[in-house]
1. Using θ = phi - 60° and the Karplus form 6.51 cos²θ - 1.76 cosθ + 1.60, what ³J(HN,Hα) does each residue of segment 24-29 get, whole Hz, x for Gly and Pro?
2. Give the lysines reachable from Lys29 as a straight Cα distance under 16 Å; neighbours fewer than 8 places away on the same chain don't count.
3. Take the Cα pairs of segment 1-131, get the Kirkwood Rh, then feed it into Stokes-Einstein at 4 °C and 1.567 mPa s and tell me D in µm²/s.
4. Take Ala318, project a point 7 Å from its Cα along the Cβ direction, then tell me which residues of segment 250-271 have their backbone nitrogen under 12 Å from it.
5. Jot down the radius of gyration and Dmax of segment 68-226, Cα atoms only, both in angstrom.
6. Where Rh is the Kirkwood radius over the Cα pairs of segment 1-76, the temperature 20 °C and the viscosity 1.002 mPa s, what D in µm²/s does Stokes-Einstein return?
7. Among 3-10, 200-207, what's the highest-first ranking by average C-beta atoms within 10 angstrom per residue?
8. Using θ = phi - 60° and the Karplus form 6.51 cos²θ - 1.76 cosθ + 1.60, what ³J(HN,Hα) does each residue of segment 251-257 get, whole Hz, x for Gly and Pro?
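None of the figures in this text is laboratory data; all of them are computed from the coordinates on show. Just so you know, these numbers come straight off a predicted model, no measurement behind them. Please note: Cβ atoms are built from the backbone with ideal geometry, for glycine as well, and neighbour counts cover all protein chains shown.
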Amino acid sequence: MRYHIVDLFTQTKDTDPDLRFMALNDLEKEVLSAPESFQQSEKNEYSGILLRCLDDEASSVRTQALKCYESFTPIMGSLSTSVITTLTKRKTDKISITSSIYTMAIHNIVKNLPSDESIERDIIKIGLQQIFSSSQNFFKTIDYIEILSDLLEFLGTSFSSSQLTNTAQLLIDASYKADAVISKKSIVSLNTLARSITSQDQLTVLLSKISANSNTSTSTKTQITTFGILNNLIRGNPALLGNHIQDLWTTVVDGLKLDSLHTPDEDFDTQQEIEEIRSEGLTCIASMVENFVPEIMEPYINEILGISARFITYDPYADDDDQDGEGSDMDEDEDDYEDSDIDEDYDDDDDSSGFL
């Protein structure tokens, strides 16, 4: 092991946080300048140092350790699997709306991992094992969806068919049942996952899962979630989703509630919820037009134009506005009439006084 590297390793344990930070900074420069010169023993020790420094009391040291993974990952090799295993098992006791530093470290590793299908599959297996062993926590702890999003984004092509199916089903359940932020992230992750789906049968299973969840409730959240999922699937894999155009179209048009377009609900809040659903439905139609091939959309063009024309001039309270407007006009007329009478009376008075 090289002496100056040993000195830097030792310095990462110094009592002075500034020296610990500087040691990590210098080690990062060493990796960037001569990555091939790092021996396996040095990699092993460096890996342990970074894991330790993620828990350092000084925020600057923790941040630098996190940054070091960006340069270190490309030379980690199979060591990355053991590091990921350790990081996925680490938990923070603090409740936070942001992911933990361990999850951020996993992000830096997965993002900068060199292409190696064997290592990628091992990391996917490790990550999914941890996620599925805590499936209930997945609905309320943001770290799990962040890890899963990164696995899909950067290693999605290495997922097996069964892993994709199981992951999709978890994301669909989370979309409907998880906390708001996790629900939204799950919906977006389905877009990423859809890019890796190659089987029509696999997609059919997922659509059935969506339908089952959607049919459990007629609430606004459920309907908006359904449209959000369909929108992301359409944009993620239009080639396969296009084969389900008839079912998709029926679902979306039903959600628009065209038969009650000009009969708003008496409850204002309920009407606003209906408008939210309609907005999401129109977004789905826009995604179909943008992503499906013209041959698939051609039979629906006239209907789309008709729907668009109705919503361009759509105002659920137009009748009320017209009535208010008519009342205002009458009031103005009355005011004009009264003003005219006053003017006439004033003129008469002027004439009389003049004669006097």
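1. With coefficients 6.51, -1.76 and 1.60, one gets 5, 4, 5, 5, 4, 5 Hz.
2. Lys43, Lys67
3. Details: Rh = 15.2 Å.
Once the numbers are plugged in, D ends up at 85 µm²/s.
4. Flagged as within label range: 261-263.
5. 15.9, 52
6. Numbers: Rh = 12.1 Å.
Here the translational diffusion coefficient equals 177 µm²/s.
7. Values: 3-10: 13.0, 200-207: 14.8.
Descending packing order for the listed peptides: 200-207, 3-10.
8. 4, 5, 5, 4, x, 6, 6
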